[in-house]
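Read the figures in this text as sums done on the coordinates, not as results from a lab. Quick caveat: nothing in here was measured; it's all calculated off a predicted structure. Quick reminder, even Gly has a Cβ in these numbers, built from the backbone with ideal geometry, and neighbours come from all protein chains shown.
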Amino acid sequence: MIGNWQWVMAFNGTSDVIIIGGGIVGCAAAYYLAKRGANVTLLERGGVGSGASGRSGGGVRQSARVSAEIPLAAESVALFPTLSDELGVDIEYVRRGNLRLVESVDHIRPMQVDIKRQQALGLDVQWLGQAEVCEMVPSLQRESVLGASFCPTDGHANPLKLTTGFASAARRAGAQFVTGCEVRSVRQADSGEAVLETSRGDFRAKTVIVAAGAGAQKLCLSMGFDLPLANMRYESLITEAVPPLFSQMFGVAAADLFFRQTQHGSVHFGGGLVQQSESEATTPPSACENLQLAAEHIVRLIPQLGRANLVRTWGGLDPSTPDGIPIIDRLDENVLVAAGFCGHGFAIGPVVGRRLAEWIANGEKPQTLAPFKRSRFDSWLQTKWTPTGSFEAVLATEATQVADSGNGATGDGWRVTASRDTRHPSPEEAAGPKIIVVDPSKCTGCRMCEMACSIHHTHTARQTQVRIKVAYASDDFYMPIACIHCEEAYCMEACVFEALVRDGPNAVIRVVDENCTACMLCVDACPYGGITYSEEKDAVIKCDLCGGDPACAAYCAPGAIRFRAVAEAEWERMKANAMDNVGKLGQGLK
Amino acid sequence: MYHGYTGTILRINLTDRRVSKEPLDLSLAEKFVGGRGLTSYLLYREMDPAVDALSPENKLMFGTGPLTATGAVAASRYVVVCKAPLTGTIACSNSGGFFGPEMKFAGYDVIIFEGKADKPVYIWIEDDKVEIRSAEKLMGLTPEETEDAVRAATSQLAKVACIGPAGEKLSLLAGVVNDRQRLAARSGVGAVMGSKNLKAVAVLGTGSICLADPEGFWLAALDVLKKIVNDPVSFGSFRAYGTANLVNLINEMGAYPTRNFLEEVFEGAPATSGEAIAERILLKNRACFACPIACTRVSEVKDGPYSGRGEGPEYETTWSFGAMCGVSNLDAVAKANFLCRDYGIDSMSAGATVACAMELYEKGYVPQSDIGFPLRFGDADAMIRAGRALRPPRMFHGREET
Ligand SMILES: Cc1cc2nc3c(=O)[nH]c(=O)nc-3n(C[C@H](O)[C@H](O)[C@H](O)COP(=O)(O)OP(=O)(O)OC[C@H]3O[C@@H](n4cnc5c(N)ncnc54)[C@H](O)[C@@H]3O)c2cc1C
């Protein structure tokens, strides 16, 4: 470790690739990249395998995964038999199948249906009845098991050996490992490369892979990307070595227990989803109650274990995503992320590492990684996601959204995070008078703006005599039309009674009711249809920007109407668009 | 003083062409909330349940609720209530779009159609003014053509609810179509409208709806709006993938009715899912009145044998013509949806009917000689052919269908 430190002090170059995280994903990626000749550095805050990977249950299974992940898992399973030779360590890989035991009648039917789903994807998995299961695994308590799904090509391996195996092989191939080095933030330098600020000084790289497991969410947030990753805690217990009981990997339909017997003879078991963890400390405290439950559970299934001594327990954190599959995608030009393995990333870690290496080498995203794109959560807003199945959305700043009528939020108006890339200031930060800016591509034609306008001005809901009106030109083109408070205002020129005046910081043209004789000259003069006659008032009505906080913009959920200042440069583009829009509307309204 | 409600029921007797307006009994409205509650009660009170659903004695009611057209978020729907010819019991089909709000802006909570016109008619309602006009020239037109023709004869701003050719022919699959492409689809309500010789209802409203506490109401609406746009399901997946966002979800749960309910997992689900629609044929999202979600798909199949353009397909259609028929060709499913729209029939019942025919054929209960072609699960062409067989006779004035 000390040698390592000295080396860091001497280090001042730029790596091709820096990997954050020395888990299975990071180490595999380091190995495959180094093997391709890349100049790779791996930064790990603890030691290699000190995250989920070293604490893992070791199951190598394709079955019981979300459909989109099964092809990748199959690819990984094909890789496993070759790894011991390739890495030069015995990874204790055993391919004797995975059994997912059904312990309650309520689970029989769903399990059979789930088997069908997996079969439809080409996976070799089948239903075994009670007799068949107990024949295959005589040590199982017959009364406790009603049946199981069985996937013969699944198995298990020693996760620590595989993770450190990849690390050693990567080192041999030339990769640099810096352990005890915590990355605090990643940013882009003017030169275009990424700068990593760490507990051991700055590092630079052309490409960064965030394979930081439970630390990934925080790191990505430091770059302005809020990924829906929620850290989940899983428990592990291990017995002393006992005589051989079974060779398969086991899970249960309720997904709260896994177990396998290691080569050494100890039985490693643990609870699945026990609790969500707020903290991402590397050594989470064990939850005694859950350990007790897991122990009782396994003894119900394998009574012989009732007399075995437990030698150790530990817990580990692995982030989950809302849809049960990881995010493996590019965040920007420099940064790739691979996290959110939802408690079963050990099995696919090797192939994810290999595909990441391939991606960086070829510059093209491998096809098998396609389902894991980040954009599938684009519309999730700032979502504090709780893996209990209930969603709790949290507004970044409760007030920005509506009260502030969009000023300050970026992109889509209501979405705060999807595109919250702090490096690119949006044109909306321009200062000066604000206007209503309409983006027809976002308008869905719901006419909420009309209702907002009507209620604001008349305190009743109506669709006529409103100051903003949605025009429909075709089945895919519609937009609201309101007075745009022209600089050169024909309406004001037309009015001979001084009933139209311009005032306020936003240079609003508004009607002075007392002066209006309803002569309609302004209505005729306006080329946009921005002024209407109101029978009730016997005067004309038009947009007055609601005194500086237009209701239409505040209530426009899709973000088609925004009230904001416009920079000089944007004006030209907007004028061109406006002509285009008028053309489309004209065509449609004919 | 009515708040939320307009306070008026419009009654149109088609037999003797009498139009009357009745005040809404507020205590009743409080007991039976909303369009469905109110119209169900009115039907119960006014009509003998034993009447033949397709006889003049049946009553057809369009109902709206106290929130409709007030700017309350997503309050856009209206219900069509009558005795259902398909099920023999009370029907309550509903539909979004803009027709319901327009009814209220015109001043009506409920419109009741009674009796039967001696000749095909349509009704033109402009606020207080109600006219019964001849619809002879509209017969045989698709809902879209009908709406265009009616608007040309009334006002371009009018909102129209009508029946397609299937409703005219009293098909039990017929729905009432509003805003060109949306159906109050279920239970055969379109046949009841057809049985009254009522082809279309056009409405234009300029009135306003009073709110007891406009400011409080509007703040509450804002609250709901915020909740919706911060909900990852409504504002996330419904916006991104439409109602068909459910396809993959339900399929993964193992609850996706497949091949006429013989199976529950459909291998073609991903290819016909909301995700696939968004990727392949979606042009734009479209909203119903005052709804921030805008789940409606405007989609287009550009070329090939299944080309077409319009709204949908919704979850139910991808289910009925997709999984139920075992068809994983999205273009074909979209085409089936467009055909149903043109006939004015319920795409759920239509798809399920084709799927049932497929099972009967595969099991040998219906010989090929009865159908005229092999009708196997999964055969997209056969599905479309069978779908076309649901076309009402003499549709399109004998014109060849495109
Ligand atoms: C008890 C348990 C049982 C499991 N059982 C199975 C199983 O049977 N089968 C299966 O397939 N999967 C299983 N898993 C899941 C599997 O272990 C993980 O999905 C997988 O190991 C994730 O690998 P990783 O490389 O993404 O993350 P990790 O292994 O967690 O690696 C991330 C590394 O990044 C480091 N790091 C984080 N933040 C920073 C930072 N800011 N700077 C520097 N370094 C940082 C961490 O120290 C850590 O070492 C289990 C997990 C647990 C905890």
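For the cross-link pairs B:Lys129/B:Lys159; B:Lys116/B:Lys169; B:Lys21/B:Lys159; B:Lys31/B:Lys226; A:Lys584/B:Lys284; A:Lys365/A:Lys442, which exceed 23 Å when the distance is taken from alpha carbon to alpha carbon? Mind dumping the intermediate values first?
Working: B:Lys129/B:Lys159 15 Å; B:Lys116/B:Lys169 15 Å; B:Lys21/B:Lys159 20 Å; B:Lys31/B:Lys226 30 Å; A:Lys584/B:Lys284 16 Å; A:Lys365/A:Lys442 30 Å.
Pairs exceeding the cut-off: B:Lys31/B:Lys226; A:Lys365/A:Lys442.
Where the centroid of each part is defined by its Cα atoms, how far is segment A:513-582 from segment B:115-150 in Å?
Centre-to-centre (Cα) distance: 36 Å.
Could you work out how far helix A:70-87 tilts from the main Cα principal axis of chain A, as a 0 to 90 degree angle to the nearest 10?
40 degrees
For chain B, modelled as a Gaussian network with Cα springs under 10 Å, which listed residue fluctuates most, B:Pro214, B:Pro120, B:Pro257?
B:Pro214
With a cut-off of at most 16 other beta carbons within 10 Å, and DSSP calling the residue loop, which GluC sites (Glu not before Pro) in segment B:28-58 qualify? Please list them.
Values: sites: B:Glu30, B:Glu46, B:Glu57; in loops: B:Glu57.
Of the GluC sites (Glu not before Pro), the ones in loops of segment B:28-58 whose Cβ has at most 16 other Cβ atoms within 10 Å are B:Glu57.
If you build the Cα gyration tensor of segment A:26-155 and take the root of 5 times each eigenvalue, what three semi-axes come out, in whole angstrom, biggest first?
Details: eigenvalues 236, 54, 40 Å².
One finds semi-axes of 34, 16, 14 Å for segment A:26-155.
Quick check: from the Cα gyration tensor, does segment B:8-204 come out rounded (a/c under 1.5), prolate or oblate? Mind showing how you got there, number by number?
On the way: a/c = 1.38, a/b = 1.10, b/c = 1.25.
Judged from the Cα gyration tensor, segment B:8-204 comes out rounded (a/c under 1.5).
How much net charge surrounds B:Pro101 when only the other residues with a Cβ under 10 Å from the Cβ of B:Pro101 are counted, with Lys and Arg +1 and Asp and Glu -1?
+3
Looking only at segment B:8-204, where both bridge partners belong to it, what percent of the DSSP beta bridges are antiparallel (to the nearest 5)?
Working: 34 of 45 bridges.
That works out to approximately 75 percent antiparallel.
Can you tell me the alpha carbon radius of gyration of segment A:85-177 divided by the globular rule-of-thumb value 2.2 N^0.38 Å? Could the numbers behind the result be given before it?
On the way: Rg = 18.3 Å, N = 93, 2.2 N^0.38 = 12.3 Å.
Output field value: 1.48.
Quick one: Cα centre-to-centre distance for segment A:466-508 and segment A:106-149, in angstrom?
69 Å
List the pair-distance distribution P(r) of segment A:527-576, using every Cα-Cα distance, as the percent of pairs falling in each 10 Å bin from 0 up to the bin containing the longest distance, rounded to whole percents.
19, 35, 37, 9, 0
Using a cut-off of 14 Å between beta-carbons, work out the net charge of the residues near A:Glu498 (Lys and Arg +1, Asp and Glu -1, A:Glu498 not included). Before the final figure, lay out each step's value.
Values: positive: A:Arg502, A:Arg510; negative: A:Glu493, A:Asp503, A:Asp513, A:Glu514.
Cβ neighbours under 14 Å give a net charge of -2.
May I ask for the angle, rounded to the nearest 10°, between helix A:568-589 and the longest principal axis of chain A, with both axes built from Cα atoms and the value confined to 0 to 90°?
Helix A:568-589 sits roughly 80 degrees off the main axis of chain A.
Sorted from largest down, what three extents in whole angstroms do the Cα atoms of segment B:119-206 have along their principal axes?
34, 25, 21
Tell me the Kirkwood radius of chain B: reciprocal of the mean inverse pair distance over distinct alpha-carbon atoms, in Å.
Values: mean 1/r = 0.0460 Å⁻¹.
Its Kirkwood hydrodynamic radius stands at 21.7 Å.
Any chance you could check the Cα centroid distance between segment A:12-68 and segment B:1-43 for me, in angstrom?
That distance is 68 Å.
What's the longest bit of chain B with no exposed chymotrypsin sites (Phe, Trp or Tyr not before Pro), using DSSP loop states and at most 14 other Cβ atoms within 10 Å as the test? Walk me through the numbers on the way to the answer.
Details: sites that count: B:Phe261, B:Tyr365.
Value returned for the longest uninterrupted segment is B:1-260.
With springs only between Cα atoms under 10 Å, which of B:Leu54, B:Leu173, B:Leu249 fluctuates most in a Gaussian network model of chain B?
Highest fluctuation among the options: B:Leu249.
Stick to Cα atoms and the Kirkwood definition of Rh, then tell me Rg/Rh for chain A. Present the calculation step by step, with values, prior to reporting the outcome.
On the way: Rg = 31.1 Å, Rh = 27.8 Å.
Value, to two decimals: 1.12.
Can you pull out the trypsin sites (Lys or Arg not before Pro) in segment B:7-116 that DSSP calls coil and that have at most 13 other Cβ atoms within 10 Å?
Numbers: sites: B:Arg11, B:Arg17, B:Arg18, B:Lys21, B:Lys31, B:Arg36, B:Arg45, B:Lys59, B:Arg77, B:Lys83, B:Lys104, B:Lys116; in loops: B:Arg17, B:Lys59, B:Arg77, B:Lys116.
Answer by residue number: B:Arg17.
Most fluctuating residue of B:Thr87, B:Thr64, B:Thr39 in a GNM of chain B with Cα springs under 10 Å: which is it?
With Cα springs under 10 Å in chain B, the top fluctuation among B:Thr87, B:Thr64, B:Thr39 is at B:Thr87.
Defining a contact as two alpha carbons under 8 Å apart and six or more residues distant in sequence, what relative contact order in percent does chain B show?
Working: 970 pairs, mean separation 59.2, N = 402.
Relative contact order comes out at 15 percent.
Could you give the angle, 0 to 90 degrees to the nearest 10, between helix A:24-35's Cα long axis and the longest principal axis of the Cα atoms of chain A?
It is inclined by approximately 90 degrees.
Give me the net charge of A:Thr458's neighbourhood, meaning all other residues with Cβ under 11 Å from the Cβ of A:Thr458; Lys, Arg count +1, Asp, Glu -1.
Details: positive: A:Arg462, A:Arg467, A:Lys537; negative: A:Glu536.
After counting each charged neighbour, the total is +2.
Can you list, largest first and rounded to whole Å, the semi-axes you get for the protein assembly as shown by taking the square root of 5 times each eigenvalue of its Cα gyration tensor? Each step should come with its number before you reach the end.
On the way: eigenvalues 667, 301, 112 Å².
Square roots of five times the eigenvalues give 58, 39, 24 Å.
Segment A:461-556: which GluC sites (Glu not before Pro) are DSSP loop and have at most 12 other beta-carbon atoms within 10 angstrom? Write down the numbers at each step before the final one.
Numbers: sites: A:Glu487, A:Glu488, A:Glu493, A:Glu498, A:Glu514, A:Glu535, A:Glu536; in loops: A:Glu487, A:Glu488, A:Glu498, A:Glu535, A:Glu536.
Of the GluC sites (Glu not before Pro), the ones in loops of segment A:461-556 whose Cβ has at most 12 other Cβ atoms within 10 Å are A:Glu487, A:Glu488, A:Glu498, A:Glu535, A:Glu536.
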